[in-house]
Amino acid sequence: MKIKNRILIIGLPLILVACSTTQPSKFYLLSSMETSQRYKEPQLGQYAILVKPIKFPEYLDRPQMVLRENDYKLQFNEFHRWAEPLKDNFIRVFMENLNSRIAPANALFFSELGGIQPNYQLAIEVFRLDVNADNQADLSVKWALLTGKNNQHIKTQNKEYSIPFKDNSYLSGVEAQSKAISQFTDQIADYLRDLNRTSKTKTKTKTKTIPTQESYSGFQINVVD
């Protein structure tokens with residue numbers, strides 16, 4: 001009995017020391033990226049884009065950060081966590097990125113429309129947003145641009161973005177994920193600009209002068225391309 005009691009007494013301080021040296025958790029946030037130089041001059045008109053509720057995979061509905069070992073195995077780190085739900089963080093960063101690139105146009109949620117009739121609707125589904133064991137951040141997403149009362153599809157695309165990072169740290173991984181979201185936003189902004197440019201070209205009115213047979217004085221007709 002005396003031997004057992006001594007073992008218990010000696011073992012208790014070791015347990016207390018182990019508990020007192022538990023690794024503290026670290027918390028991270030995605031961040032929006034500065035507007036690139038090509039977006040400095042506003043090129044889009046005053047129109048509104050309705051961003052539909054963004055779909056997010058359930059495996060990311062957790063505070064722990066995800067490391068993808070391979071296509072079949074994931075690791076969830078208890079000591080490296082998101083400071084807020086990743087879906088909310090993604091949405092805020094994406095909206096900040098997009099609005100900075102398409103100004104003076106606006107990307108809005110339904111609750112923000114306030115009676116405004118949107119010119120376009122944007123639907124987004126995220127399939128993957130994590131880092132892998134090869135120090136690479138991956139974003140897999142599908143997006144669709146719709147217009148009109150019947151939600152006519154103008155463009156639908158599946159896209160994957162892979163951003164390498166040098167050092168094996170979660171902070172670098174978060175920075176790379178932010179860059180992937182920035183590239184995704186760039187693509188949508190580029191397409192909106194091309195769409196706006198094409199729309200203006202199609203509706204541009206050209207003026208031609210046609211002489212009459214009697215007086216040869218000109219009159220104007222409008223030709224729509």
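Run the numbers for S162 and N70: contour at 0.36 nm per residue of separation, minus the present Cα-Cα distance, in nm.
Extra length from S162 to N70 when fully extended: 31.6 nm.
If you stretched the chain out fully between L171 and Q183, how much longer would it get, using 0.36 nm times the residue separation minus the C-alpha to C-alpha distance?
That works out to 2.4 nm of additional length.
For a Förster distance of 25 Å, can you work out the FRET efficiency between the beta-carbons of E112 and E34, rounded to the nearest 0.05?
0.55
Taking 0.36 nm per intervening residue step and subtracting the Cα-Cα distance, what contour gain separates N135 from D190 on full extension?
Between N135 and D190, full extension yields an extra 17.0 nm.
For the pair T147 and K55, how long in nm is the line joining their label points, each one 7 Å along Cα→Cβ?
A separation of 2.4 nm, rounded to one decimal place.
Can you list residues from other chains, or at least 5 along the same chain, whose modelled amide H is less than 5 Å from the amide H of F109?
The list, which skips near neighbours in sequence, is V51.
Bear in mind these aren't lab numbers, they're just calculated from the coordinates by the rules spelled out. Note that the structure is a prediction, hence the values are computed from the model and not measured. Reconstructed Cβ throughout: ideal geometry from the backbone, glycine too, with neighbour counts over all protein chains shown.
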